[in-house]
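Peer 1: A single structure is presented below for examination.
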Amino acid sequence: MAEHTSSSITIDAAPADVMAVIADFARYPEWTGEVKEAEVLATDAEGRAEKVRLLLDAGAIKDDHTLAYSWKGADEVSWTLDKSQMLRQLDGSYRLAPLDGGKRTEVTYQLTVDVKIPMLGMIKRKAEKVIIDRALAGLKKRVESA
């Protein structure tokens with residue numbers, strides 16, 4: 001099994017506000033440095049994305065891929081790689097935990113990346129860390145500026 005990278009951040013907003021930004025894929029290019037395009041291809045009965053096409057440019061990892069999303073209640077979303085040109089695996093999740101009676105949120109982002117071309121494990125972990133750190137910082141900035 002591939003190793004994963006994980007990190008957390010605290011955001012000064014309620015979990016529902018944080019999840020609203022996470023679920024708004026069309027706006028990802030506005031606040032994530034790595035996602036250049038995002039297109040929802042399928043939604044579930046509640047209108048949440050089930051399949052999303054993303055054009056990713058994360059330095060060492062550049063790809064046009066499709067992810068399948070699974071929503072667990074209002075506080076967790078996970079995804080797995082559906083199809084990709086360069087990636088063998090891109091699995092991850094956002095988990096939200098309310099703090100201070102729901103006024104703030106701890107967001108934990110976990111990610112596992114594996115590429116089809118040979119790449120040193122430390123380079124893959126570094127790419128995962130860059131993706132996670134930028135995504136969490138961008139998410140915090142986006143949610144708190146709303």
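The values are calculated or read from the model by the stated rules, or taken from the named source; none is laboratory data. Everything numeric here is computed off the predicted structure, so don't read it as measured data. Note that we place each Cβ from the backbone using ideal geometry, even for glycine, and neighbour counts take in every protein chain shown. Please note that ligands, DNA and RNA were not included when accessible areas were found on the heavy atoms of the full protein model with its side chains. Shrake-Rupley method; radii C 1.70, N 1.55, O 1.52, S 1.80 Å.
Peer 1: Among the residues of region 71-86, write down those that are over 19 Å from Ala14 (Cα atoms), open to solvent by 50 Å² or more (accessible area, probe 1.4 Å) and of a type outside the set (Asp, Glu).
Peer 2: Once the filter is applied, which keeps residues that are over 19 Å from Ala14 (Cα atoms), open to solvent by 50 Å² or more (accessible area, probe 1.4 Å) and of a type outside the set (Asp, Glu), region 71-86 yields Thr80, Lys83, Gln85.
Peer 1: Wholly within region 1-63, which strands (runs of 3 or more DSSP E) include no fewer than the required count, namely at least 3 residues that are closer than 18 Å to Thr80 by Cα?
Peer 2: Filter on region 1-63 gives 35-43, 49-58.
Peer 1: Among the residues of region 60-70, which ones are open to solvent by 20 Å² or more (accessible area, probe 1.4 Å), more than 13 Å from the chain's Cα centre (by Cα) and free of Cβ contacts under 8 Å to residues at least 60 places away in the same chain?
Peer 2: Lys62, Asp64
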